[in-house]
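The values are calculated or read from the model by the stated rules, or taken from the named source; none is laboratory data. Predicted, not measured: the structure shown is a model, and the values here were computed from it. Heads up, the Cβs are rebuilt from the backbone with ideal geometry, glycines too, and the neighbour counts pull from every protein chain shown.
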Amino acid sequence: MDLYEGIRARNRLAAARLISLVENDDASAREVMRRLHQHTGKAHIVGITGATGSGKSTLVSALTKALREHSRTVGIIAIDPTSPFTGGAVLGDRIRMQELATDPGVFIRSMGTRGALGGLAVATNDAVNILDAFGKEVIIVETVGAGQVEVDIVGLAHTSIVVTMPGGGDEIKAMKAGIMEIGDIFVVNKADREGADRAAAEIEMMVEIVKREPAYIPPILRTVATEGLGVDGLCNAIFSHYDYLQEHGLLEEKVRVRIMGELLEIINHRVHLSVTDALEHDPEMLDLMKKLVDTREIDPHSGAAMVIRHLMKRE
Ligand SMILES: Nc1nc2c(ncn2[C@@H]2O[C@H](COP(=O)(O)OP(=O)(O)OP(=O)(O)O)[C@@H](O)[C@H]2O)c(=O)[nH]1
Ligand SMILES: [Mg+2]
């Protein structure tokens, strides 16, 4: 099957295959990605991050149902921090999302952090682009916060949603620095539990400290994802944020940041591979390693500079 044609024809198997190829860092995927690029840039990319067990996946399912009611097609990429083989959470997510998976307007893919040979960030960006070229209008990327995975949701999404739950305030505070700055929408899920008011007040305090773009105050919403309560409000907040970005000319900047991020991730990954390869196989580099390790004639800083010069000459 020609994967490019398949994806343009909205063949789900083609999308699934291409995502597997990018996960495996398969060189043949790059040619397809090159051709698909001109068809990307249309989707609204929504990132959902937050405390473990706060109900992100449940919320993604409920949100997807709401988006479908608004006639939007949806792509879901769930980044699972556990191994693709041992992760019980993946199984739970799968069962929960099975209902959605039978809807032709929804495409779901879970990416294991240990599965992606090409670097998870690169594979995730590629998967987003594949679903974008496929024609999905809203692409949701679920990832855990707390720095457990390397994927930086801010660089990836146009709209970033931070999910917490009653009693989860400490975890929010402990999350990667800047989580309050990145949230475009805050959700206190499990609002059926005691302490939702307090959780919302805590977020409000933290949000206030952060200086914002003009005319945008990130909403703090309450949901009960298991019941679908408050989810339509979340859906509307997502649309409103996109309108806000467009009206204030901020979307272009988001797009620029995202592509820049993609570029850097790809460069990092490629440089990493080529340096590792050179240090293990290139005779000149093997000699350099000896001087670093055995005789200690060269220190790591000078060594790194020499490796970079050597690779630049070679490229
Ligand atoms: N009471 C209550 N439970 C909820 C709500 N939303 C989700 N849950 C439950 O919380 C548990 C965790 O939900 P998930 O959706 O797997 O949470 P998650 O944030 O995706 O979890 P990880 O991906 O493992 O970080 C499940 O047992 C859900 O049924 C809610 O609004 N209220
Ligand atoms: Mg989850």
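In segment 99-109, what count of residues is obtained for those that are modelled with pLDDT of 85 or more and among the charged types (D, E, K, R)? Before you say what the answer is, go through the steps one by one.
Step one: of segment 99-109, the residues modelled with pLDDT of 85 or more are 102-109.
Still in the running and among the charged types (D, E, K, R): 103, 109.
Residues that pass the stated criteria total 2.
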Taking residue 32 as meeting all but one of (1) more than 28 Å from residue 221 (Cβ to Cβ); (2) surrounded by fewer than 23 Cβ atoms within 10 Å (Cβ to Cβ); (3) more than 19 Å from the chain's Cα centre (by Cα), write down the number of the exception. (2)
At pLDDT 90 or above, over 13 Å from residue 140 (Cα atoms) and within 15 Å of ligand 2 (Cβ to nearest atom): which single residue out of 87, 55, 50, 112 fits that description? 55
Among the residues of segment 123-144, is any modelled with pLDDT under 95 and assigned to a loop (DSSP other than H, G, I, E, B)? yes
Kindly indicate whether any position in segment 225-241 is modelled with pLDDT of 95 or more, more than 21 Å from residue 61 (Cβ to Cβ) and more than 16 Å from ligand 1 (Cβ to nearest atom). yes
The helices (runs of 4 or more DSSP H) lying wholly within segment 200-315 that contain at least 3 residues that are under 22 Å from residue 44 (Cα atoms) and outside the structural domain of residue 59 (by TED's automatic domain parsing) are 251-281
Name the residues in segment 22-47 that are at pLDDT 95 or above and within 16 Å of ligand 2 (Cβ to nearest atom), would you? 46
Checking residue 217 against (1) of a type in the set (A, V, I, L, M); (2) within 18 Å of residue 162 (Cβ to Cβ); (3) modelled with pLDDT of 95 or more: exactly one of these is not met. Which one? (3)
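Among the residues that make up segment 53-75, is at least one of them in a strand (DSSP E or B), polar (S, T, N, Q), assigned by TED's automatic domain parsing to the domain that holds residue 126 and more than 16 Å from residue 122 (Cα to Cα)? Walk me through how you get there before you give the answer.
Residues of segment 53-75 that are in a strand (DSSP E or B), as a first pass: 74-75.
Filter again for polar (S, T, N, Q), leaving none.
No, segment 53-75 contains no residue that is in a strand (DSSP E or B), polar (S, T, N, Q), assigned by TED's automatic domain parsing to the domain that holds residue 126 and more than 16 Å from residue 122 (Cα to Cα).
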